[in-house]
Each structure stands twice: as structure tokens, then as C-alpha cells.
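Presented below is the structure to which this report refers.
The values are calculated or read from the model by the stated rules, or taken from the named source; none is laboratory data. Please read all numbers here as calculations on a predicted model, not as lab measurements. All Cβ positions, even for glycine, are placed from backbone atoms using ideal geometry, and neighbour counts span all protein chains on display. These area figures cover heavy atoms from the full protein model, side chains too; ligands, DNA and RNA do not enter into them. Shrake-Rupley method; radii C 1.70, N 1.55, O 1.52, S 1.80 Å.
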Amino acid sequence: MRKNNFIGKRLAKMDAPEKINGQAAYINDITVPNMLYGKIKRSEHAHAIIKNIDISQASKLPGVKTILTRETNPAPDFRIGFIQDNPPIKHDKVRQFRDEVAAVAATDPEIAAAACALIKVDYEPLPGVFDPIAAAQEDAPLIHEFDFRGNPIKNNTLPVRWQISDGDLEFYRRKSKYIVSGTYKTGWAHHCCLGTAGIIAEFDYQKNLKVQMPTQIPFLVQNDLNKLLNALGLKNKNTRVISPTIGGAFGNKLDTHCYEYIAVILAFMAGRAVKIMFDREEEFIGMAPRQPTIIKMTQGCDENGLLTFREAEAILDNGAYTSWGATVPSVMYVPMTSLYRVPAVDFKATCVYTNNIFSQAFRGYGNPQATFAIESSMDELALKAGIDPLEMRLLNANRANETTPMGLKISSCGLKECIETVKEKLDWDKPRPQNRGVGLACLTHVGGGARIYKSDGHGMILKMDDFGKVSIMTGAVEIGQGSETSIAQTVAEIIGIMPDDITVIRHDTAICPWDVGTHASRQMFLSCKAAILCASEAKAKILEFAATFMEDEIRKQNRKNENFADDLLPLLHDAANLTIDLRRVFLKDYPERTDYAATIDTILRRGHFQGGKSGEMVITHAFYEPDTEMMHPKTSKGNISETYAFATHGVEVEVDPETGKVDIINFVAAHDIGKAINPMIVEGQIYGGVMQGVGYALMEEMLLDKGKILNPDFLDYKIPTTMDTFPLDIAMIETLDPHGPFGAKGIGEVGIIPVAPAIANAIADAVGIRLRDLPFTCEKVLAAVKNKAE
Amino acid sequence: MIKISFILNGDRVETWVKEHEMLLDVLRSNFNLQGTREGCGMGECGACTVLVNGAGINSCLFPALEIDGKIVETIESLADKGKFHPLQQAFLDHGASQCGFCTPGMIMSAKAFIDDYPTAPETVTEAEIKQALAGNLCRCTGYFQIIAAVKAAMKEQV
């Protein structure tokens, strides 16, 4: 077996040249001829009855082409959301501040905005409820009176049951020597994609829809918008989804949103293309953030520090409608049941409607919230048991070839090595000066797809041209994370050509085969699995051509070569004797015989142009469906991923007791990544994830006052800048997973997951305070330090 | 509408602008230079950074009228006949661009810093680079590879 040419190499990302040169076209940069501009009028109340909407003034404004309200809505019964509770244009009530009450399409964005301002809406304010615990009470104001079937709703608790348990909890509770219990809170954190959201919707003359929009889920968008077409009376029509370059995603583009449906409806009403483009404030208000949680966590261990049980209950402020936020408990199951070896686990989650903003997917999808509770609690338990928190984690670390209480089958596990790496690199046992401390936290997460939908598949088509160049049509979405580069490295490696020979065509539902979407750290894993299948079949086909045509070709090439020895010619007729490397086909046992080598394009042309006989071309395809299970509808158990990622983050902090400021002195991120197909890309994901985690831990929080967002801009919602960077040492531990492509695991999300508890634990070590409420702003840290001193 | 004249990426240009128009919109609309991005429109994110007389500015807050008679450089001016500027090459080699939306502004801020660096570029410190890029937000990379790229470009004598 030859050494890898491209796997494991730090190749520049294929999408980078046009990005560093300013040529990449984002939704901001795209227009279509005769396009109108759409603008949404949003609610001015958190909870109110819509009494009357007066569009008479707005419709007189020159340039206004159409106005969408509940009165003009051509699809009045259409709902979106996880339990179909969200009409894109609101009918009877508004239930949150950002609710869409009306929308305008006009010839100019300023006219559209002016028209929105002229629309007069009369409201009858209703009492609101802004706390999920209060909202769950019997006498709380009801957010939704009826479900999508028209059945009356009695209370604000969502009819979705999240529960998983395994082992005899009471038995293990009695067996516990030490037990700790605490309540951990996390708030709303926003994705803050640098590129704001937008869409262009247009219908062709057959009434088929084309949308250009940045999305992580082109094929689910196709499905969602085809439902809208049905509701608009456009039966058997189709949606073509094209995504331009995506200016950041992180889960923010994992669902379809009201504004996208509104753009389509406006385009339908106006008979012209409509573009809706968010500015920064509307991005903050209109795009749902990370799901906030309140988690009560109880854990126990025996006298030696071995975990005995874990019991947790989460309450989720669902906000006024359902998006993916309501489903994050499904991902919390993974750490809740499977981070460390725990004999008995029990986890429940309840989602409650409030008049706050609703939430959606965000990198880690519930895992950062759950891991914050688990790993903070682990340190509290270690403290109580008098055991070093690092040693306690080593004691309880997961191992390969075990099945967890959820039924996750761990095929490879580098958690122990990750913990030991942190111990060494952070010089864990070293005495530290006053107000300095160290903390660590671990994680586990899906790393080989996630069977959340009935299909977790990935479709790919490979075609080779007469010049040995490859086009890959993939369902993968490139959100900057590097999936297309990994695909090209894989295809080049397997066939024996160069990454430069490969063009990756993606983001178009009319051209590319189906993929469920870029989420759950799955894209590289599943795309590369499909790429291996496509490329292996293509290579076999080329070698089949070679077995037929090589002798003739080699004779021709050596016509004038007096030294040519024809002894090996018979070997050429068996494809098994041949291989390809660096664009050349040759006898694999005689690589030094350059007189027996032909370029790949020559062979491909021989296969294609055969005179009287019918020619053939190399076109292959694959649909890779991972060997995984859906979660069982009753028990919630099942092996949802082909492999699982593990990591340990260790951090040294210094806390200023005068100001409450937390400085990160040193950070070690040790990750079991299976195998780095491109170490530079892997590091990029971990660097970026860690920094988002630092933002989540120390500064980021959307502040709401009775449902109204108080800080919808970068001045008041702080994200980390270069000034917040610190020495960050990434250790990549290659466990070569048996299921992973070349042994690789998915690592897109994991960098963010354990950051907040690692920092919480380091703060506790530094100044002896336990913070259970994110983020750890200076104010909170200072108050806790003062409180302790008193 | 008022007519202004300035040097844009090495060429003398003239255009008509509205009184309240910002340089960002003029670059994107009048000159089709879309590499300059709008991330916030309020001078908070730096995605729209261009150089005016060599200094990095937020073009979303810079009145277009004030550009009259000045020299403007955008991301499109960096590559020379298809060859990347060393800063661009360093961004490529260090994986310093993920979604890429902040990248042109980030590179232009780095260029202003490098062009104006008072001593030999290889003496640069990380602290100086961080300070120079503090006004440019990036959500993907965590800045680590960006700082490494700028440092590498300076060590290799841009």
C-alpha cells in the first residue's frame, strides 16, 4: 500500500481563493432582473390580539407592488414549526415581539420599509408570561389556544415527551457514598453569522419555484417549500433550491424560517422575484438563537469515585413557537446517558411555551447546555468525595467496544488519552499562585452521522471527462467548514489523481443528489464515505478500460523505443495487476517500469472513443446510508451514529477579585478526531468552536425584557474579538475509527461543547466560587467573590 | 446627486453620489466591487474595511462625499495579475478563512497595519497584530489562524 498522497495533508481549502479575493457571491451580492424588495412588519407586543390591520396608506405609496397580511394571505392555513404552530403571517394573535404581522414587496428597499411603517396595526394587549416555570402553571396566560388540528390546548407545556432512563436508579442511589445536586442555567446565545440572512424567491412560467438562499439543508428546504406550493394551490410543482456562498451558519440555517415563506408568498402574489435581506438588527431579532435551559442535575459516586447514577431534569423556555430548539433534548440524551460510564441514568426534559423568542439549532444542539450541567456537577462531586477532578474523570472514562446506557456503540475512544494529554500539557498538578486555577471538562458527541431523520444518507455522483478531470455532484453543503476540500482529497486519494483535478458541484437541488443537511457534525463523515464508494468504483472502471486497451497503448507509446522489452505485456490484461497514482496507470508490481505507464486521460479517451463500437464513460454514483438506528419511540435508545467523538478541554484562568474579570492564561483542547483528513481544517473547526465556547461562557447573552430583545447589535451583544484570544494548544488524537472514512470522525461541533464547564471549574479552583448560571460576566463573578468573602 | 472624483484601486474614477450615501454602498453599487461586505452597517464588525489614503476605515460609516480627491483601496486591488498578495497567500496557507464573509475586511485591516508598520515587519508581536485586528469580527475561526497568517506574512517580508 502506497503512502497517502492527500489524506492527512494540510491542503488549502478549495473555497478559500474566491473568499480571500472578494469574489465569493453571498446572498447580499445577488440580484435578479426586475426583482422586488420585501420587508416584514413585526409585532410591537409580546402578546396581543390583532384587532385590525390598515394598509390603505401603505398601498398608496408609489413603488409598492403587493402587501401581505392575514386578509390577503393566499395560504392562510399554512403552518411551519416542529409541531406546526407557526403561521408565517400571523392571524389572530401575536405571541412574541418578532412576530410577522405584514409584509410588503416594493421596487426599492426604502419604499418597502416606508410602506411597512405606514401599515397601521391595532392590538389588544394580553398579559404575557416570560418564565417557563411560571408558564407551566395552571393559571398562566395561554400562548396557543388550539393545536394545528384545531383541538383546544389546555396548558403551555408542549405535547412532546423527552425521557430516557437505564439501570436501577434507586439501587445505585442507595449504593452512593457521595451525592451532589445543583441547578444550572443557560441563556439565549446568538449565532452571529457575519453574513446576514436573505432570500430571493422567483417563479418561472410553469409556476415552479426557484429560491436562492443560504441554507444548511437544501433538500429539506425543497420539501418544506413544496408544501407551501401545495398550500398555494400549485399542485405537483417543484422548488429548486440554490444556495450561494454561505456567510456563516452554525445551525442558524438548519430550519426554514417565516421570512423565507413570506418571500415566496410575496413573489407568488406579485408575479415577480422578491428579495428579502436582513440587516444586523433584524438578524438578531428575526433569527432564533440557542435554546436556553434550566437543568437540575444530581450525580452520585461510590467511596472510590466511581459514578453510580445521574439524574437530570431540564426545563426549556420554548418561546412562542417551535423550531429545533424544542428538540434539543434528543441530543442532550447523548452526554446525559453516555459521557462517562454510569450504571444508572434518568433524564427528562419539558418544553414550555412562553412569550419569549423561540430557539433553534446552534453548534452542539443541546450538548453544550447538558455538558455544562454534567461537567460542573462532576467537579462538585469530586470536591465532595475529596478526589482530584481529573483523576475522577480518568476513573470513569468511556472505553472502546462498550455500549452505553443509550445503546450507543463506542467503536473507538480516545477519552483517556485526551484527559492525560490535558494533564500533561497543562501541568495539572503544579501549584499555582493566588486567584489562578485550572479546570477541565470532557465531551462525547455524535461523530458518524446522526439518524434523527428516517434517512441520514448522502448522495453523490462522480463523472470523469476525457481529460481525466472529475466533477463531483454532492448533496453536501459548504458552510466554510471545508467539506468540499475533504471530498476532493478523498476522491484524489482513492482514484490516484490530484485534488486540482476535481470540481465539486453543490448547493443545487436540481443537480445534486439528496443529503439530509450539514448538521450533527456529519458532513465530512458521510460525504467522504460516499466519495470512497464513488471513487473506488470509478477507479475499478478505469482499470477495466486499461486492461482492455493498455497493451495497444503501451505498444504505440514504445514504437520508437528500441530498448522496449515486451515481456510484461501479458500482465496488462488483468486489471488486478494495474493501479493508478498521480494521474498515471501502471503495473503495480513494476512502478519503476515507466515504459509500462499510460496517463489516465489516454485510457479514458480509449474507453470513450471506440470507432465502430459503443464507447463508455466513467460515471459512478453512491448513496451512502450509515448503519445506524433511529432512537426507539418509547425508550429513546438506539445507536444513532456510526461513531462518537470524545475530547477534553483543560483551561488555566486568572480571576481578578477586584473586577470579576476572568482571563484565560492557557487552554488545551485534546480531541479524539479519529483521523485528520486535513489537519488544518480540523484545527480550524476546533479553534472556532473553542472561541464560540469562550463567548458562551464569558460574555454572550441576549437580554430580554418582557420578551423584547434589548441588545440586538454587536455593541451590546459582545462576541469575542482578537483581544480575547489566548494560547490555545490543540492536540489531535488519532484513534482510527473502524467505521470512519480513513478512520476519521466528525468534529464540526465539538469544539464548543465543554468550554463553559471547563472555565466554570477553573474559576472554582481559582477563587472557590461555583457559578451555575451562564455567562460568567464580570458582574456575576464579582458578586460571587464578594458573597463568598462575606 | 453630487459628482466626486477619487483614485480607486489605482484608477482615477468619477461618480455621482447622494448626500447621505456611504462609501460602502458606492463601492458595491456604482463600481460592482462586492468584495467589501456589509456585516452590520454600524461600524461594529469591520467586514466593510477599506483603505482611505492608506488607513483602514469602516466604509459603512464613511460618507461617500468625503472620498473626493482621496485614494481608496479595496480587496480587489490586492492580487496582481492573478497572483495573490502575500497576505492573501498566507490566509490561504493557514486556513484563515472559513465562511469568508469577514475575510476581505480582515485582510484590508491587516494590510493597513503592515503598510504602516514603523519597524522591520519581522519584529512584529502577536499583541500588535491582535490590536490591529481588534475591530474586525470573525465568528468562524476564533482568530487563531488569522493571527498566524498575518504573522507569517510579516515574518516573510511582505
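Scanning for something in a helix (DSSP H, G or I) and either of a type in the set (S, T, N, Q) or out of contact with any Leu (no Cβ under 8 Å at 6 or more places or on another chain) (or both), does the stretch A:648-663 turn up at least one residue?
Taking every residue of the stretch A:648-663 in turn, none turns out to be in a helix (DSSP H, G or I) and either of a type in the set (S, T, N, Q) or out of contact with any Leu (no Cβ under 8 Å at 6 or more places or on another chain) (or both).
Of the conditions (1) in contact (Cβ under 8 Å) with a residue 40 or more places away in the chain; (2) away from chain B (no Cβ under 14 Å); (3) outside any loop (DSSP other than H, G, I, E, B); (4) open to solvent by 10 Å² or more (accessible area, probe 1.4 Å), residue A:550 fails just one. Which one is it?
Against the list (1) in contact (Cβ under 8 Å) with a residue 40 or more places away in the chain; (2) away from chain B (no Cβ under 14 Å); (3) outside any loop (DSSP other than H, G, I, E, B); (4) open to solvent by 10 Å² or more (accessible area, probe 1.4 Å), residue A:550 comes up short only on (4).
Filter the stretch A:35-73 down to the residues that are among the aliphatic types (A, V, I, L, M) and in a strand (DSSP E or B) and list them by number.
Hits for the stretch A:35-73 are A:36, A:40, A:48, A:49, A:50, A:53, A:64, A:67, A:68.
Condition test on residue A:8, is it of a type in the set (Gly, Ala, Ser), touching a residue at least 60 places away in the same chain (Cβ under 8 Å) and closer than 30 Å to residue A:742 by Cα?
The answer is yes for residue A:8.
Being β-branched (Val, Ile, Thr) and in contact with a strand residue (DSSP E or B) (Cβ under 8 Å, 6 or more places away or on another chain) is the filter here; which residues of the stretch A:486-515 pass it?
A:487, A:491, A:495, A:497, A:502, A:503, A:504, A:505, A:509, A:511
Does residue A:784 satisfy being in the same structural domain as residue A:443 (by TED's automatic domain parsing), surrounded by fewer than 24 Cβ atoms within 10 Å (Cβ to Cβ) and assigned to a strand (DSSP E or B)?
Spelling it out, it is not the case that residue A:784 is in the same structural domain as residue A:443 (by TED's automatic domain parsing), surrounded by fewer than 24 Cβ atoms within 10 Å (Cβ to Cβ) and assigned to a strand (DSSP E or B).
Test each condition in (1) on the phi > 0 side of the Ramachandran plot; (2) over 22 Å from the mean Cα position of the chain (by Cα) for residue A:365 and report the one that comes out false.
(2)
For the stretch A:655-663, state whether one or more residues are at positive phi and away from chain B (no Cβ under 14 Å).
Yes: the stretch A:655-663 contains one or more residues that are at positive phi and away from chain B (no Cβ under 14 Å).
Look through A:166, A:122 and report the one residue that is surrounded by fewer than 16 Cβ atoms within 10 Å (Cβ to Cβ) and among the charged types (D, E, K, R).
Step by step, each of A:166, A:122 is checked, and only A:122 is surrounded by fewer than 16 Cβ atoms within 10 Å (Cβ to Cβ) and among the charged types (D, E, K, R).
Quickly run through the stretch A:469-492 and pick out the residues that are farther than 16 Å from residue A:12 by Cα and open to solvent by 10 Å² or more (accessible area, probe 1.4 Å).
A:469, A:471, A:473 - these are the residues of the stretch A:469-492 that are farther than 16 Å from residue A:12 by Cα and open to solvent by 10 Å² or more (accessible area, probe 1.4 Å).
So residue A:46 fits all but one of (1) crowded, with 20+ Cβ neighbours inside 10 Å; (2) facing another protein chain (nearest Cβ under 10 Å); (3) among the small types (Gly, Ala, Ser); what number is the exception?
In the conditions (1) crowded, with 20+ Cβ neighbours inside 10 Å; (2) facing another protein chain (nearest Cβ under 10 Å); (3) among the small types (Gly, Ala, Ser), residue A:46 misses (2) alone.
Within the stretch B:14-35, which residues are open to solvent by less than 30 Å² (accessible area, probe 1.4 Å) and more than 13 Å from chain A (Cβ to nearest Cβ)?
Result: B:15, B:17, B:23, B:26.
If the requirement is being within 14 Å of chain B (Cβ to nearest Cβ), out of contact with any strand residue (DSSP E or B) (no Cβ under 9 Å at 6 or more places or on another chain) and either over 30 Å from residue A:44 (Cβ atoms) or of a type outside the set (Val, Ile, Thr) (or both), which of these qualifies: A:686, A:677?
Matching residue, one of A:686, A:677: A:677.
Return the total of residues in the stretch B:128-137 being within 18 Å of residue B:40 (Cβ to Cβ) and more than 7 Å from chain A (Cβ to nearest Cβ).
Number of matching residues: 2.
Can you name the residue in the stretch A:5-43 that is more than 14 Å from chain B (Cβ to nearest Cβ) and under 29 Å from the mean Cα position of the chain (by Cα) and is also surrounded by the most Cβ atoms within 10 Å (Cβ to Cβ) among such residues?
My answer is A:38.
With A:379, A:388 as the choices, which residue is at pLDDT 95 or above and more than 27 Å from residue A:747 (Cα to Cα)?
A:388
Consider residue A:744 carefully, then state whether it is open to solvent by less than 10 Å² (accessible area, probe 1.4 Å), of a type in the set (A, V, I, L, M) and over 19 Å from the mean Cα position of the chain (by Cα).
no
If you take the residues in the stretch B:68-87 that are more than 9 Å from chain A (Cβ to nearest Cβ) and of a type in the set (Gly, Ala, Ser), which one is nearest to residue A:195 (Cα to Cα)?
The selected residue is B:77.
One line per residue, one yes/no per condition, for (1) among the charged types (D, E, K, R); (2) crowded, with 23+ Cβ neighbours inside 10 Å:
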{"site": "A:199", "(1), (2)": "no, yes"}
{"site": "A:203", "(1), (2)": "no, no"}
{"site": "A:209", "(1), (2)": "no, yes"}
{"site": "A:232", "(1), (2)": "no, no"}
{"site": "A:237", "(1), (2)": "yes, no"}
{"site": "A:244", "(1), (2)": "no, no"}
{"site": "A:250", "(1), (2)": "no, yes"}
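Hey, any hits in the stretch B:141-155 for a residue that's within 14 Å of chain A (Cβ to nearest Cβ), within 16 Å of the chain's Cα centre (by Cα) and of a type in the set (Lys, Arg)?
No, the stretch B:141-155 contains no residue that is within 14 Å of chain A (Cβ to nearest Cβ), within 16 Å of the chain's Cα centre (by Cα) and of a type in the set (Lys, Arg).
Restricting to the stretch B:103-140, give me the number of residues that are hydrophobic (A, V, I, L, M, F, W, C) and either in a loop (DSSP other than H, G, I, E, B) or more than 13 Å from the chain's Cα centre (by Cα) (or both).
So the count comes out to 9.
Inside the stretch A:689-739, can you point out the residues that are open to solvent by less than 10 Å² (accessible area, probe 1.4 Å), more than 22 Å from the chain's Cα centre (by Cα) and of a type in the set (S, T, N, Q)?
The answer is A:711, A:722.
Which count do you get for residues in the stretch B:88-102 that are polar (S, T, N, Q), at the interface with chain A (Cβ under 7 Å from one of its Cβ atoms) and not in a loop (DSSP other than H, G, I, E, B)?
Total meeting the criteria: 1.
Take the stretch A:643-679 and flag every residue that is aliphatic (A, V, I, L, M) and open to solvent by 10 Å² or more (accessible area, probe 1.4 Å).
Correct list: A:662, A:664, A:665.
Could you tell me which residue of the stretch B:36-54 is surrounded by the most Cβ atoms within 10 Å (Cβ to Cβ), considering only residues that are without any contact (Cβ under 8 Å) to a residue 60 or more places away in the chain and either closer than 17 Å to residue B:9 by Cα or more than 14 Å from every other protein chain (Cβ to nearest Cβ) (or both)?
B:50
Just to be sure I understand, how many residues within the stretch B:71-87 are part of a loop (DSSP other than H, G, I, E, B) and surrounded by fewer than 16 Cβ atoms within 10 Å (Cβ to Cβ)?
Residues meeting the conditions: 2.
When the stretch A:592-616 is examined, which residues are found to be in a loop (DSSP other than H, G, I, E, B) and under 12 Å from residue A:557 (Cα atoms)?
A:597
Mind checking which residues of the stretch B:111-157 are buried (at least 24 other Cβ atoms within 10 Å of the Cβ), touching a strand residue (DSSP E or B) at 6+ places or on another chain (Cβ under 8 Å) and closer than 19 Å to residue B:75 by Cα?
Correct list: B:111, B:136.
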